[in-house]
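*Asks:* Here's a structure for you.
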């Protein structure tokens, strides 16, 4: 994964404001001590430092650990097919979507884990049966044949067939994991595009 | 230490509790408000973040809010956490109970849709014989609707429809898009009318108890707000039989307190108010407390379509864009269908349909999405759910919340009336869309579990007969005259309209009555 540096104003707005408010002096009487410094030698208007930091996946490789090797290579190939790099924007592989989904599904309830594990196994078995090779090695035409269940119209109830059910979930998840990645946002911004949903109003944990 | 005795103890700080405080304090009534959640600082407690900075890339922590479809990683912390606030239901009868616990309550997050109920709802039994009429009519509530609409600055366009009474609007004179006009024309043979949405503008940023009601109440000097006060039970004076306050526990320290007041107003949200009454073992001589639970079934994306002329970026504001509302049109003149009552839609044009609706992937999917970008139409079907005795909440004696307070058990399911209504809604709108020249790419009549609309109503209904209702026409307990319940639990029927505006009007009306009772020293 490409290493990048970025600035994060960790001490910025919310936390810094709260801290400053707590540490601000309380005037004994209106006006009397209102300009007193928070700490000896430090003016009331002194700025707190903003530290330059990074995040783990900029500094290190994520370690897939939920899926087994065959399942993970199937997921990588499937991700590449579902969401290839297009129009100068990163695809699922460049966005680290398979590695992220390994983490997400590994942290998910058992039924979601089962859906993925079983679905990946079925997809791989189907590839071997139809084409004599692992799904990770199929070409585009072969993959299209194996992904035929995705040609069915969307229904509110998930398909009964476990492979079809898995493929539908994977189509949505791989896409979301890609579009919501830092890689996609960075490339999109660089090309002048902007995903409307890329920024949202976040509620911090309440005390 | 001699604790203060307040005139009124208000439990809850959302739309209903906030309106009670607003109304009572302006009349000089000293109020104490207990809010189960924390006070929030909207500058400090929230902020803009790119989705890629969230640890789960927007998916949210898996399994955190199993019943809240609306939850995502941005808003996950705003919802009451089921681990602390559990409730129970049979496995085959799920209920999505969505709660917010903070000063301002759900009024910080509502969609602001503000519609009046009509006498098709207030006098529903007169129309089809089912259930009960409300003990009030639209005319009784109209002056309070007028004032609530003024405070919340409701935008709208006067239509003169009997099933959707006009209000005091900030006039919305914006032109309808061509797509909206086409829906109106194609819908006319079905009896469909298309209106502007009616939406509380508030101060632009917020239309909440938090900014429109509580600040003015505080300015009177007559309101004390105590956050983090989880009410365990309302207490009764054994000599008079009147309520005299409430026991509550501090959310963080678990320290126990008792607050005293001459009267109690419950506005803790529909089901929390009922839970408090059930746990207090009061106000239930009728035996119907907890019963007649209803809401509105919502089917998002009930019909998804594309406006062909707007494909490939050829849309533009004149052709597509903006929201519209289709008020109830079924069964206005007797029973026309295999169900009673009716449904409404809110719809939006000019969006892009979700990728899941296209049966392809990869570059082909991207091409489809590019073509459909800004050309989409989608509608949420919103149907009236019949208030039935068989749908109810009760106290589950086997489970308590994080503060040791017994929780609610739900027994609630939709019936054929709702299912038939949903089927008709989707079939009709799909037909209208096709007649309008739209390409329908998806339709569904599948409902999410009850509760999903966050419009839970009933369980503490009003009525003239103390044997079949909990409250009288002033939202006052039949059993205990200094106890009032002013939230959605007091509804007799809910129609298909979003309920908050009616809750605001009811709370204002009940609070004015209560202030007069206090002035006359009736209790």
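The numbers here are math on the coordinates, done by the rules we state, and not lab data. These numbers come from a predicted model, not from an experiment. With ideal geometry, Cβ positions are generated from the backbone for all residues, glycine too; neighbour counts draw on all protein chains shown.
*Asks:* What nm distance separates the two modelled labels at residue B:338 and residue A:69, each placed 7 Å from Cα along Cα→Cβ?
*Replies:* 5.9 nm
*Asks:* Once fully extended, how much extra length lies between residue B:363 and residue B:397, figured as 0.36 nm per residue of separation less the alpha-carbon to alpha-carbon distance?
*Replies:* 6.7 nm
*Asks:* Across peptide A:84-95, how many C-beta atoms of other chains are within 10 Å of each residue C-beta, on average?
*Replies:* Mean shielding count: 1.
*Asks:* Here's a follow-up. How tilted is helix B:15-26 with respect to the longest principal axis of chain B? Cα atoms for both, answer in degrees (0 to 90, nearest 10).
*Replies:* Between helix and principal axis, roughly 50 degrees.
*Asks:* Please report the Cα spread of region A:67-175 along all three principal axes, rounded to whole Å, starting with the longest.
*Replies:* Principal extents (Cα only, largest first): 36, 32, 30 Å.
*Asks:* Given a Förster distance of 22 angstrom, what is the FRET efficiency for residue B:415 paired with residue B:440, based on the Cβ-Cβ distance and rounded to 0.05?
*Replies:* 0.20
*Asks:* What do you get for the angle between helix B:362-372 and the principal long axis of chain B? Use alpha-carbon atoms, 0 to 90 degrees, nearest ten.
*Replies:* Its long axis makes an angle of about 80 degrees.
*Asks:* Using the per-residue mean of other Cβ atoms lying within 10 Å as a proxy for protection, in what order, highest first, do the peptides B:367-375, B:6-14, A:154-162, B:234-242 fall?
*Replies:* So the peptides B:367-375, B:6-14, A:154-162, B:234-242, ranked by packing, come out B:6-14, B:367-375, B:234-242, A:154-162.
*Asks:* Further question: Over all residues in B:56-67, what is the mean tally of Cβ atoms on other chains that come within 10 Å of each residue's Cβ?
*Replies:* The shielding value for this peptide is 5.
*Asks:* Please state, to two decimals, what the Cα-based radius of gyration of region B:383-450 comes to when divided by 2.2 N^0.38 Å (N = residues).
*Replies:* 1.72
*Asks:* Rank-order B:420-428, B:382-390 by packing density, defined as the average count of other C-beta atoms within 10 Å over each peptide's residues, highest first.
*Replies:* So the peptides B:420-428, B:382-390, ranked by packing, come out B:382-390, B:420-428.
*Asks:* Next question. Treat the count of other C-beta atoms within 10 Å as a stand-in for reagent exposure and order B:34, B:504, B:518 from fewest to most.
*Replies:* B:518, B:34, B:504
*Asks:* In addition: Please give the average number of partner chain Cβ atoms lying within 10 Å of the Cβ of each residue in B:354-361, rounded to a whole number.
*Replies:* Average per residue, whole number: 6.
*Asks:* Which three lengths, in whole Å and largest first, does region B:113-191 cover when its Cα atoms are put on their principal axes?
*Replies:* Over region B:113-191, Cα extents along the principal axes are 42, 35, 17 Å.
*Asks:* I'd like the distance separating the alpha-carbon centroids of region A:57-112 and region B:29-62, in whole Å.
*Replies:* Cα centroid to Cα centroid, the span is 30 Å.
*Asks:* Kirkwood hydrodynamic radius, computed over distinct alpha-carbon pairs, for the protein assembly as shown: how many Å, to one decimal?
*Replies:* 28.1 Å
*Asks:* Taking only Cα atoms, what is the 0 to 90° angle, nearest 10, from helix B:270-280's long axis to the longest principal axis of chain B?
*Replies:* 30 degrees
*Asks:* Calculate, for residue B:247 and residue B:468, the FRET efficiency according to 1/(1 + (r/R0)^6) with r their C-beta to C-beta distance and R0 35 Å; round to the nearest 0.05.
*Replies:* 0.70
*Asks:* With an 8 Å cut-off on Cα pairs and a minimum separation of 6 or more residues, tell me the relative contact order of region B:90-224 in percent.
*Replies:* Reported as a whole number, the value is 28 percent.
*Asks:* Another question about this same structure. To the nearest 0.05, what FRET efficiency results for residue A:129 and residue B:370 with a Förster distance of 35 Å applied to their C-beta separation?
*Replies:* The formula returns an efficiency of 0.45 here.
*Asks:* Could you please rank B:345, B:357, B:523, B:339, placing first whichever residue has the fewest other Cβ atoms within 10 Å of its Cβ?
*Replies:* Taking fewest neighbouring Cβ atoms as first place, the list is B:523, B:357, B:339, B:345.
*Asks:* Dividing the Cα convex hull volume of region B:100-248 by residue count, how many Å³ per residue is that?
*Replies:* Convex hull volume per residue, Cα atoms: 197 Å³.
*Asks:* Report the Cα centroid-to-centroid distance between region B:267-336 and region A:131-207 in angstrom, as an integer.
*Replies:* 31 Å
*Asks:* If you don't mind, there's one more thing I want to ask. Note down the nm distance, to one decimal, between modelled labels 7 Å out along Cα→Cβ at residue B:323 and at residue B:147.
*Replies:* According to this spin-label approximation, the distance is 2.7 nm.
*Asks:* When the convex hull of the Cα atoms of region B:207-343 is projected onto a plane and the area is averaged over all directions, what value comes out in nm²?
*Replies:* 16.9 nm²
*Asks:* Also, quick follow-up: With 10 angstrom as the radius, rank B:304, A:55 by how many other C-beta atoms surround their C-beta, starting from the fewest.
*Replies:* Going from sparsest to densest Cβ surroundings: A:55, B:304.
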